[in-house]
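As structure tokens, the structure follows; a few thoughts come after it.
All of the numbers you see were taken from the coordinates with simple rules; none came from a lab. Just so it is clear, the structure is predicted and the values come from calculations on it, not from any experiment. Glycine gets a Cβ as well: all are built from the backbone with ideal geometry, and neighbour counts include every protein chain shown.
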Amino acid sequence: MGNNILYIEDNPDNMMLVKRALEAHGYILLQAMNGLDGVATAEDQEVDLILLDINLPDIDGYEVARRIRNSGKTRLAYVPIIAVTANALKGDAEKALNAGCDVYMSKPINIRELWARVEAFVPSPMTKD
Ligand code: MN
């Protein structure tokens, strides 16, 4: 198993925060700034986990999750997807899970929670024996 994390996020500040946090633990961050680019990157690159913003400039994160799950590539049927969103409305978590996400995290991003959630799926290369 590799340690490539794809983050689909249109906010550069969040992107930089997550990039620094994950690279500090030895992960490699692949970046997509909109939904369509995110789906294409998931299909074209080796991706071990996806962090997915919900509010994106083109298609929303729910649609991104559905397209990834339905892409026909076996590994994308199983790749872990963590939804990350500012939508605190009740029902959003359920919507994310119904779209194919495994876990739901709310913004603002808490770095310790991020590490814990990512490591639950993809062990940090720096803590592997
Ligand atoms: Mn956004």
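How far apart, in nm, are the 7 Å Cα→Cβ label points at residue 111 and residue 46? My value for the distance between the label points is 2.8 nm.
Taking Lys and Arg as +1 and Asp and Glu as -1, the other residues whose beta-carbon sits under 9 Å from that of residue 4 total -2.
Paramagnetic label reach from residue 4 (point 7 Å along Cα→Cβ; backbone nitrogen cut-off under 19 Å): within segment 35-65, residues 35-53, 65.
Derived from the Cα gyration tensor, the three semi-axes of the equivalent ellipsoid of the chain are 20, 17, 14 Å, largest first.
Residue 56 sits among other residues whose Cβ lies under 14 Å from its own Cβ, and their net charge, with Lys and Arg +1 and Asp and Glu -1, is -4. Every pair of different Cα atoms in segment 57-129 enters the Kirkwood calculation, which places the hydrodynamic radius at 13.4 Å.
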